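Report on the following structure.
Nothing in this text is a laboratory measurement; each read-out follows from the coordinates by a stated rule. These figures come from a predicted structure and were not determined experimentally. Cβ coordinates were reconstructed from backbone atoms using ideal geometry, including for glycine residues, and neighbour counts include every protein chain displayed.
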Amino acid sequence: EPSKLVARGAFIVIEGLDRAGKTTQVKKLCDALYDAGHNIQTIRFPDRTTPIGKMIDSYLQSKTEMDDHAIHLLFSANRWEKSKWIKETIAKGYTIVCDRYYYSGMIYSAAKQNPELSLKWAKSPDIGLPRPDAVIFLNLDPEEAEKRGGYGTEKYERKEMQQRVRQLFLDMEYVRHDEAIDMIVIDAGKSVQQVADSIYSEAAITVDAAEGGKARGPLG
Ligand code: Z5A
C-alpha cells in the first residue's frame, strides 16, 4: 500500500529512439521521485513477460515473421493488458513512470513506410487507453545514438528507420495531431545527469499537480 495519501499519482511516459537513454533515465527518475517521498511504480512497453509480449519479442529478434498489421495490433494489445492496472495503480496514489507507450506504437509502424499503415490507422487500436499526464521525448540524433555502442540486431535498429522515427516524433510535437499531448522534448545528447535533471524538473511539476488534485484532466 502507498505510504503517502494523495489525490492520485501521475502517469509519466518517457519516449525516445533506440539508445536515447530511456532505460537509464526511467531508473534515475524513479529513484529521484522515490527519494523525494513519492509512491512510484514503473512499467515498460513492450512488456516481453506476457504471452503477447513473448510473441513481440520473437518478432523483434527476427525469429518469427509477421504481417505489419498483426504485429502492430499485438503491440497495442500488450498495452491493453496493462490498462486496468495503470488506472488502479494511479488511483491508489502511485506515480507510474512508463518506458515507451502508444507514441512508439503509432510512430514505429508508420515509419515502416507501408502505405496501409498511416498514423491515423496506427493510432486507432490504442484509442481509449489511459492518457498520460506528461510525455517526455528524449531527442537524440541517430548518428549520436549509434556512437553509444552501435545498434543491436533487433528488427528496427537501422539508421534510416531511426531517422524516420525521430522525424515523426518531432512532427507530432509541432503538429500535435488531433490530440492535446503535451510532449516535452529534452536534449538527450547531454550527460546522463544533465538529462536526468531536466527530466526531473518537468516530472516533479506533473507529480505535484496530480497528487494535489490539480492534474490537467482525468486520466483517460
Ligand atoms: N516498438 C514498436 O514498434 N511499437 C510499440 O508499440 C513499442 C515499441 C512499445 C523495442 O523497444 C522496439 O520496439 C523498439 C521500438 C519498438 N525498436 N527500436 N529501435 P525497447 O524499448 O524494448 O528497446 P530499445 O528502444 O532498443 O531500448 P534500449 O536499447 O534499452 O535503449 P534505451 O533504453 O533508450 O537506452 P539505454 O539502455 O538507457 O542506453 C543505451 C546506451 O547508451 C547504454 O550503454 C547507456 O549507458 C548509454 N547512455 C545512456 N544515456 C547516455 C548519455 N546521456 N550519454 C552517453 N551515453 C548514454
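Highest mobility in the GNM of the chain, judged by mean-square fluctuation with C-alpha springs under 10 Å and restricted to ILE14, ILE43, ILE96, is found for ILE43. Take the Cα of GLU144, step 7 Å toward its Cβ, do the same at LYS214, and the gap between the two points is 3.3 nm.
Sparsely packed loop sites in the range 15-78 (the trypsin sites (Lys or Arg not before Pro) outside DSSP H, G, I, E and B with at most 14 other Cβ atoms within 10 Å) comprise LYS63. How would the chain be classified by its alpha-carbon gyration tensor: rounded, prolate or oblate, with rounded meaning a/c under 1.5 and the a/b versus b/c comparison settling the rest? Prolate. For the chain, modelled as a Gaussian network with Cα springs under 10 Å, which listed residue fluctuates most, ASP18, ASP67, ASP197? Sorting by GNM fluctuation, first place goes to ASP67.
Holding the Cα-Cα limit at 27 Å, pick out from LYS63/LYS87; LYS28/LYS123; LYS27/LYS92; LYS190/LYS214 the pairs that are longer than that. Too far apart for the 27 Å limit: LYS63/LYS87; LYS28/LYS123; LYS190/LYS214. Say a site is exposed when it is one of the GluC sites (Glu not before Pro), sits in a DSSP loop, and has at most 13 other Cβ atoms within 10 Å; what is then the longest site-free stretch of the chain? After excluding every exposed loop site, the longest remaining stretch is 1-64.
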